[in-house]
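Data first, discussion second: the structure below is written as structure tokens.
All of the numbers you see were taken from the coordinates with simple rules; none came from a lab. For clarity, every value in this text was computed on a predicted model and none was experimentally measured. In this analysis, Cβ positions are derived from the backbone assuming ideal geometry, glycine residues included, and neighbour counts consider all displayed protein chains.
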Amino acid sequence: MGRPKGSKVGSVFFNKNKDRWVCAYYIADINSHKEIRKDKLFRTEQDAKDFLNSLQYQKGNEIFIKNNGIPLSQLMRLNLQRKLDMNLIKERQYSRVLKTIQVIEKSEIANKKIEDVTSDDIQMYLNSLKDYSNSYIKKIMEQFTQSYNLAINKGYIVKNPMVDVIKPRSTKADKEVRAMTVDEQQVFTNYLMGKDIQDEPYKNVFLIQMYMGLRVGEALALRNGDIDLRKNLINVNKTLTTDKDEKVIMGDTTKTYAGLRQVPIPKFIRDSIIEQMNIATNNMDKQLFLSPKGNYIDNRNVNCILKKRLLI
């Protein structure tokens with residue numbers, strides 16, 4: 001009867017011919033259930049011992065056994081799914097982060113086993129992104145940091161390669177974001193007020209955003225029942241968002257709990273809001289704003305039109 005799967009320990013020794021420390025270890029073949037010896041070279045004895053120790057932690061891990069090591073991309077996806085399952089993130093954030101992971105998966109490093117990825121590997125990959133924005137580089141680096149923190153906490157590895165990694169600075173200058181000046185706001189307001197709703201379908205969305213401080217998703221989520229004309233208030237209590245498949249859905253609350261609020265309606269846009277309420281009378285759930293097909297509106301489409309109107 002052969003040894004049970006995962007029973008061989010492995011060893012560390014110095015190879016004079018290769019001038020390297022060698023970690024001899026064993027992995028289980030999922031088809032034959034036999035253990036196969038493999039050798040991995042290291043510059044120092046401690047690195048070789050750390051690698052061997054990490055394998056001992058991993059021997060009882062089902063993911064490790066199935067894959068003979070966990071690919072980096074799989075670890076990133078596991079970490080993301082774990083956050084969604086624990087309700088630490090919403091589906092919209094899941095979708096955004098997944099796009100970041102999919103970018104990383106286009107690189108060779110994503111297919112490496114987590115125990116094989118070195119600090120130099122990660123640093124070289126991040127350095128290759130210097131022509132992208134600082135915010136883009138930050139998002140990429142966050143996935144490495146979070147995933148390797150998970151790997152350490154789970155005992156998948158004993159040495160975190162992110163310890164020695166430095167976030168490179170982008171060659172691009174950070175984009176300046178500024179609010180409209182009073183004069184610019186007045187010009188845009190005059191433009192909107194002079195347009196018919198058929199010619200500028202989102203004119204009232206823009207007015208509500210500009211003068212009542214609502215996020216675009218909050219404005220698009222408004223229903224007739226949220227408007228209190230007697231008290232001249234709008235009740236902000238939800239927002240449009242997207243699920244993990246990027247389908248636009250109605251969120252059950254605002255982006256933050258602090259976003260739950262009542263906002264006074266400025267007198268000069270009251271008639272515009274009443275106009276929109278009349279349009280919404282026959283809409284689904286008396287939704288203030290719907291697409292021509294009667295669906296929720298993707299806020300990205302509204303933002304795109306807004307940028308065009310402002311000539312950004």
Find the relative contact order for the stretch 61-217 and round it to a whole percent, using C-alpha pairs within less than 8 Å whose residues are 6+ positions apart. 20 percent
What residues have an amide H closer than 5 Å to that of ARG261, excluding those fewer than 5 places away on the same chain, when H is modeled at 1.01 Å from N in the peptide plane? VAL236
Add +1 for every Lys or Arg and -1 for every Asp or Glu among the other residues with Cβ under 13 Å from the Cβ of PRO168, and state the total. +4
Once the dipole of the chain is set up with Lys and Arg at +1 and Asp and Glu at -1 on Cβ about the Cα centre, which of VAL158, CYS23, LEU310 lies farthest towards its positive end? CYS23
Computed about the Cα centre, the charge dipole of the chain from +1 Lys/Arg and -1 Asp/Glu charges at the Cβ has a magnitude in debye, to the nearest 20, of 680 debye
Hey, what D do you get for the chain in µm²/s if you plug the Kirkwood alpha-carbon radius into Stokes-Einstein at 20 °C and 1.002 mPa s? 90 µm²/s
In degrees rounded to 10, the 0-90 angle between helix 267-279 Cα long axis and the longest Cα principal axis of the chain is 80 degrees
Convert each backbone phi in the stretch 125-136 into a coupling constant with the Karplus relation 6.51 cos²θ - 1.76 cosθ + 1.60 (shift: θ = phi - 60°), then list the ³J(HN,Hα) values in order as whole Hz, x for Gly and Pro. 5, 5, 4, 6, 9, 4, 7, 8, 6, 4, 5, 5
Hey, can you grab everything whose amide H is under 5 Å from the amide H of THR242? Only 5+ residues off in sequence or another chain; H modelled, so Pro and N-termini drop out. ARG92, ILE249
Got a sec to turn the phi values of the stretch 197-211 into Karplus ³J(HN,Hα) couplings, 6.51 cos²θ - 1.76 cosθ + 1.60 with θ = phi - 60°, whole Hz, x for Gly and Pro? 4, 6, 8, 9, x, 9, 4, 6, 4, 4, 5, 5, 4, 5, 10
Can you spot the lysines whose alpha carbon is less than 23 Å from LYS244's alpha carbon? Ignore those fewer than 8 places along the same chain. LYS83, LYS90, LYS99, LYS106, LYS138, LYS139, LYS255, LYS293
How large is ³J(HN,Hα) for each residue in the stretch 181-188, as worked out from phi by the Karplus curve 6.51 cos²θ - 1.76 cosθ + 1.60 (θ = phi - 60°), to whole Hz, x for Gly and Pro? 6, 4, 5, 5, 4, 5, 4, 5
The chain: calculated mean residue ellipticity at 222 nm from DSSP helix runs of at least 4, using -39500 (n - 2.57): -13000 deg cm²/dmol
For LYS130, go through the aspartates and glutamates and keep the ones whose alpha-carbon is under 14 Å away, minus same-chain ones fewer than eight residues off. ASP174
Can you give me the long-range amide H partners of ARG223? Hydrogens built in the peptide plane at 1.01 Å from N, cutoff under 5 Å, separation of 5 or more residues or another chain. LEU288
Towards the positive end of the charge dipole of the chain, with charges on Cβ (+1 Lys, Arg; -1 Asp, Glu), say which of GLN185, PRO201, THR241 has the farthest Cα. THR241
Please work out the C-alpha center-to-center distance from the stretch 185-209 to the stretch 136-169 and express it in whole Å. 46 Å
Give the residue from ILE109, ASN87, ILE137 lying farthest towards the positive end of the charge dipole for the stretch 72-164; charges sit on Cβ (+1 for Lys and Arg, -1 for Asp and Glu) and the dipole is referred to the Cα centre. ASN87
